[in-house]
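Here's the structure, in structure tokens; my notes come after.
The values are calculated or read from the model by the stated rules, or taken from the named source; none is laboratory data. Everything numeric here is computed off the predicted structure, so don't read it as measured data. Here the Cβ is made from the backbone with ideal geometry for all residues, glycine too, and neighbour counts use every protein chain on show. Surface accessibility is based on the protein's heavy atoms, side chains included, excluding ligands, DNA and RNA. Shrake-Rupley method; radii C 1.70, N 1.55, O 1.52, S 1.80 Å.
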Amino acid sequence: MNFILPKALAALLLRTVKGSSRFLLVEPIHNSDELEFGKFGVRAEQLRSLHLLGFPVPDGLFFSLDQVAELPKNICSLLKGEIANLSGLYSLRTSAGQKHWGGVEAVLNIGISDDYVKEIAPKIGLRNALDLYRRFICSFSILVNDLEPEIFENLYYDQMRLLNVEDEQSLDERALNLIVKESKSEFDRLTGFKFPQLLTEQIDMVFHAMAQSWYRPSAKILRKARGAPDNAGTGLILQRMVLGIGKALSGSGKCSPIDQASGKPFLHGFFLPNSQGKDATMGLRTPHMFSEAQKRKEQQSSSSLEDLNNTCFEKIKEILAESQTKLGDVFDFEFTIEENRVFILDSSKAERSPRASVAVAVDLARSGTISKEEALLKINPDNLIEFLHPQIDPSADRDIFGNGLPASPGAACGKIVFSSVAANQLSAKGEAAILVRVETTPEDIRGMHASVGVLTERGGMTSHAAVVARGLGLPCVVGAHDLTMNLSEGTITTRDGRIFREGDVITVDGTLGQALVGCTKMLQPKISGEFSKLMEWADEFRTLGVRANADTPQEATLAQSFGVDGIGLCRTEHMFFEQDRLIVMREMILAKSEAARKNALRRLLPMQREDFIKLFRIMLGSPVTIRLLDPPLHEFLPHSEDEMRLIAASMNVPLSDVVERSKDLKEFNPMLGKRGVRLGVTMPEIYEMQAQAIFEASMEINNGREDTVTPEIMIPLVSVTKEVELIKNRIKNVAKNIESVSNSLIKYKLGVVVETPRAALRAGDISASSDFLSFGTNDLTQMTYGLSRDDAGRFMQDYLERLVFPHDPFHSLDVEGVGELLLLASQRAIQSNSSIELGLCGEHGGDPVSIRFCKCANFDYVSCSPYRVPIARLAAAQASIGQSKKSRDKSKS
């Protein structure tokens, strides 16, 4: 593509707003005054917006990303008279697609020369003019000719040492004149040609060098680390220099209108007289505070800009306020003052913490600056985590000894324990415990309840430790493979040889996936009024239901406090791990006959019924989806001889019988063995007991109530329709028997967890026998990929770094593969049963990207761990707003 110029200046987009300030955009107009501004980069777009609002922005000429990528041989000749007629000094800066991608350092004072120093000296003083020249020679030589910066720095500091001065301002005209001459001489010697004196020549050379620097391999690697795509380009901005140096008040600075931590109004920043560019941040001179309020807060004695020149301060303050009203957000500004005149050089959205971002968005909407929808769209849903969990103070030192996967957010510090028993003992003393395991099993649930955090050597984002920790709101790091855990010796050994023992204090950061030495300074969660208001608005706009994965009354109560629409997954197996129940459960599993098994189940029935009564009472008027027993039975079996001896005594059988029976139940691949619906088909009495407990609990709660409970019973791990029909008939018979005895009607729904690829493909058949389908995307992802969700953490980081996977498929839904299965399943299910209800109950239910997919796929609800409910509510609202906007845009076109 050639560098395209219109035939005449009138064909360029040329806007003049207030005064002489103008922006010349090198882009032809095609029968429209509109411009595709992604072509010029985000900085150019922002400057144009400020310019059109009438803010004092210096004149500029924009070059598009495409034009810069083409590296024209001679910009000046292509621009013909445009640059030939320029005079004065200019800067050249990059304008990338995103600011955080970075860019090449700006080059200032382009156009300065021997003659121009003489021309500008009467205005700003010869000393200042020479210093600008010195700076330009240095920056030009480094960028254009790849000369080492030390060459020119040494000349400068040699003069300072020679004159015995420490302050750069003490260098006089004669010293600076000598530095300039020596710098040009050194340039001539090293490059073989004279330092360029013409503005057009300097612009041409700097333009090429800056464009080429952007595409260097090292620059590409750095951008890629910041999230930029491989083909990321940049535009360039040639802009008239505002010197920031003069006889009246001049200088440069930066300002912000809000407190970064809270989002509350607070004018702060800095200003350095007689400066430009990054002078104020180089540490050579101490800048002034921006406002008097900032000066008081930071207890500074030097003058602020507000005190130095209140007129300029008020002008910048006015721009800050006006930009917020007109641009619908809060912005930081880089500014330069030249002879008491304010100019805006750049702006970006004001830096803010996640907590502050909520406060700002809500304040903007309350003031009428933006709509509620716009406020909701401004917030990254994942940032709400900071409202719900303790976090490590950003200013705290981090001594990291282990890295893993951030399985459950938040942070906690406590003493290392290697067993559930030790965790409970420490908790009983009122001390905080961090449970450390190679990997957790259901037997560790009691220990997790007693701990403040969890750290495992193995596991992935949907491993047992991760799922349970998220439900409990415990900070958790899994898959810390750089640690070696020896539970028998009670040690953790790091790669660098450090050893930690039981009782040592550590901190677990589940937000970043790190384990740290000692107890780190924390920030406690705080749910503010702005947070509650944001959630209220989210519920106004979302059409996708948000339920919680909750297994206990405590989790259900927590879910209610976060504004949940119901329970989308109650995993009944977690109810059996209390010590008194676990013994009876093991008796049932180890029973040799159906009669013995039923005897144990009769003892479990009242315990299970009481669990459901508590859940139903908490969730009155809301749906409660209960998954029948799912995990393989080996997870409940004892591992130690002492535990086996206890079971043998309770069953009144020899220890050898218990050991033998335990061996008989072992499977090579239990996660694909006798679990889920296969238990219900081969041992139907288990599901019959659970159904009886559910129905009896609902009858007790619904007795005479208007806000009744309609339980939703969910069959796990279904693959074929016949499995559903067998279990459905069993449950129907249980309901009929209870109805005949109680002389009352039982209402309930029966559905299926779709978590095998075959069930997804045959969803049309399965839905004919079901009231709802809930997609268990943890297992569905595992089976679709052929990945073990417990072991994938061993190689997942390598896969992500090598871009084999764009993201962890257990963390964010794989919309191409697993997503296609969900779409096929939902379409076939609706075709077969138009009233079928569709939900998602895997851990993806709390992931914003996955939630958007569910909205597009016309699901009715998602279900996630309680602490992710606010995140899901906001993400669901954003998905609804986005879908509505697309519909409106489509209807307009």
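What ³J(HN,Hα) values, in whole Hz, does the Karplus curve 6.51 cos²θ - 1.76 cosθ + 1.60 give for the stretch 590-597 when θ = phi - 60°, with x put for Gly and Pro? In residue order, the calculated couplings are 7, 4, 8, 10, 5, 5, 5, 5 Hz. Is the shape of the stretch 172-289 rounded, prolate or oblate, going by the alpha carbon gyration tensor and its root eigenvalues a ≥ b ≥ c, with a/c under 1.5 for rounded and a/b larger than b/c for prolate? Because a/c hits 1.5 or more and a/b fails to exceed b/c, the stretch 172-289 counts as oblate. Each residue of the stretch 867-880 is assigned a 3J(HN,Hα), and the resulting list reads 6, 9, 4, x, 4, 5, 4, 5, 4, 5, 5, 4, 5, 5 Hz, derived from the Karplus form 6.51 cos²θ - 1.76 cosθ + 1.60 (θ = phi - 60°), x at Gly and Pro. Which value in Å is the Kirkwood Rh of the stretch 750-888 over different Cα pairs? Taking every pair of different Cα atoms in the stretch 750-888, averaging 1/r and inverting gives 15.4 Å. For the stretch 778-788, the Karplus equation 6.51 cos²θ - 1.76 cosθ + 1.60, evaluated at θ = phi - 60°, returns couplings of 5, 6, 5, 5, 4, 7, 5, 7, x, 10, 8 Hz by residue, with Gly and Pro reported as x. Toward the positive end of the charge dipole of the stretch 310-388, with +1 on the Cβ of Lys and Arg and -1 on the Cβ of Asp and Glu, the farthest Cα among 347, 367, 310 is that of 367. Summing charges over all other residues whose Cβ lies under 10 Å from the Cβ of residue 551, with Lys and Arg as +1 and Asp and Glu as -1, gives -1.
Here's the picture: a label point sits 7 Å out from the Cα of residue 804 along the beta-carbon direction, and within the stretch 772-788 the residues with their amide nitrogen under 18 Å of it are 781-788. Using 0.36 nm per residue and subtracting the Cα-Cα separation, the extra length available between residue 397 and residue 310 on full extension is 27.4 nm. Among the chymotrypsin sites (Phe, Trp or Tyr not before Pro) in the stretch 186-254, those placed in a DSSP loop whose Cβ has at most 12 other Cβ atoms within 10 Å are 193.
When N counts the residues of the stretch 522-608, how does its alpha-carbon radius of gyration compare numerically with 2.2 N^0.38 Å, as a ratio?
Details: Rg = 19.8 Å, N = 87, 2.2 N^0.38 = 12.0 Å.
Here the answer is 1.65, to two decimals.
Want the number for residue 858 to residue 504: 0.36 nm per residue separation, take away the alpha-carbon distance, what's left? Don't skip to the end; give the middle numbers.
Details: separation 354, 0.36 × 354 = 127.44 nm, distance 5.02 nm.
Difference between extended and current length: 122.4 nm.
Using +1 on the beta carbon of Lys and Arg, -1 on that of Asp and Glu, and nothing else charged, what's the dipole of the stretch 173-214 about the Cα centre, debye to 20? Walk me through the numbers before you get to the answer.
Details: 5 positive and 6 negative charges, 26 e Å.
Charge dipole of the stretch 173-214: 120 debye, to the nearest 20.
Between amide H atoms placed 1.01 Å from N, distances below 5 Å from residue 545 occur with 861, 862, all of them 5 or more places distant or on a separate chain.
Extension gain residue 816-residue 649, at 0.36 nm per residue separation less the Cα-Cα distance, in nm? Write down the numbers at each step before the final one.
On the way: separation 167, 0.36 × 167 = 60.12 nm, distance 5.37 nm.
Length gained between residue 816 and residue 649: 54.7 nm.
Need one number: the % of Cα-Cα pairs in the stretch 121-238 sitting beyond the 16 Å mark. In whole percent, the share of Cα-Cα pairs in the stretch 121-238 beyond 16 Å is 67.
Note on the chain: with charges restricted to the Cβ of Lys and Arg (+1) and Asp and Glu (-1), its dipole about the Cα centre is near 1460 debye.
What angle, in degrees between 0 and 90 and rounded to the nearest 10, separates the Cα long axis of helix 354-366 from the longest principal axis of the Cα atoms of the chain? That works out to roughly 80 degrees.
Rounded if a/c is under 1.5, else prolate if a/b beats b/c, else oblate: with a ≥ b ≥ c from the C-alpha gyration tensor eigenvalues square-rooted, which is the stretch 831-893? Spell out each step's value before the answer.
Values: a/c = 3.02, a/b = 1.27, b/c = 2.37.
Note, shape of the stretch 831-893 comes out oblate.
Specify the angular offset, from 0 to 90 degrees and rounded to the nearest 10, of the alpha carbon long axis of helix 42-52 from the longest principal axis of the alpha carbons in the chain. Compared with the principal axis, the helix lies near 60 degrees.
When nucleic acids and ligands are ignored and a 1.4 Å probe is applied, residue 100 ends up with an accessible area of around 110 Å².
Calculated mean residue ellipticity at 222 nm for the chain: -13500 deg cm²/dmol, from DSSP H runs with n ≥ 4 weighted as -39500 (n - 2.57), summed, divided by the residue count and rounded to 500. Label-to-label distance for residue 617 and residue 377 is 4.6 nm, based on points extended 7 Å past Cα in the beta-carbon direction. In the stretch 312-407, the C-alpha radius of gyration followed by the widest Cα-Cα span (Dmax) gives 18.0, 56 angstrom.
So for the stretch 236-354, averaging the separation of alpha carbon pairs under 8 Å that are six or more residues apart and normalising by length, what relative contact order in percent results? Provide the component values of the computation, followed by the final result.
Numbers: 241 pairs, mean separation 36.4, N = 119.
So the answer I get is 31 percent.
Two numbers describe the Cα atoms of the stretch 260-326: Rg and Dmax, which are 12.7, 37 Å.
Which FRET efficiency, nearest 0.05, do residue 170 and residue 431 yield, Cβ-Cβ r, R0 35 Å?
Details: r = 60 Å, r/R0 = 1.72.
After rounding to 0.05, the efficiency reads 0.05.
For the stretch 625-730, the Cβ-based charge dipole about the Cα centre amounts to some 380 debye (Lys, Arg positive; Asp, Glu negative; other atoms uncharged).
Quick one: Cα centre-to-centre distance for the stretch 112-146 and the stretch 259-329, in angstrom? Centre-to-centre distance over Cα atoms comes out at 28 Å.
Run the numbers on the chain and let me know its relative contact order in percent, using alpha-carbon pairs under 8 Å that are six or more apart. Don't jump to the answer; show the numbers that get you there.
Numbers: 1767 pairs, mean separation 78.9, N = 893.
Relative contact order of the chain: 9 percent.
All alpha carbon pair distances within the stretch 370-448 were sorted into 5 Å bins beginning at 0; the resulting P(r) in whole percents reads 3, 11, 15, 18, 16, 14, 8, 5, 5, 4, 1.
With r defined as the distance between the Cβ atoms of residue 528 and residue 366 and R0 fixed at 22 Å, what FRET efficiency is calculated, to the nearest 0.05?
Details: r = 14 Å, r/R0 = 0.62.
E between residue 528 and residue 366, to the nearest 0.05, is 0.95.
Contact order, relative form, for the stretch 543-612: 26 percent (alpha carbon pairs under 8 Å, 6 or more residues apart, mean separation divided by residue count). Taking 7 Å steps out from each Cα toward its Cβ at residue 890 and residue 145 produces label points 6.1 nm apart.
What is the diffusion coefficient of the stretch 466-572 in µm²/s, taking the Kirkwood radius over Cα pairs and the Stokes-Einstein relation at 37 °C with a viscosity of 0.692 mPa s? D = 190 µm²/s. Amide H contacts of residue 125 (H built 1.01 Å from N, in plane; Pro and chain starts excluded): no residue 5 or more places away or on another chain comes under 5 Å.
Rolling a 1.4 Å probe across all protein chains gives residue 289 an accessible area of roughly 30 Å². Taken as Cα centroids, the stretch 487-548 and the stretch 193-210 sit 54 Å apart, rounded to the nearest whole angstrom. Using the Cβ-Cβ distance between residue 761 and residue 340 with R0 = 60 Å, the FRET efficiency computed as 1/(1 + (r/R0)^6) comes to roughly 0.20.
As an equivalent ellipsoid, the chain spans semi-axes of 65, 31, 25 angstrom, where each value is the square root of five times an eigenvalue of the C-alpha gyration tensor, largest first.
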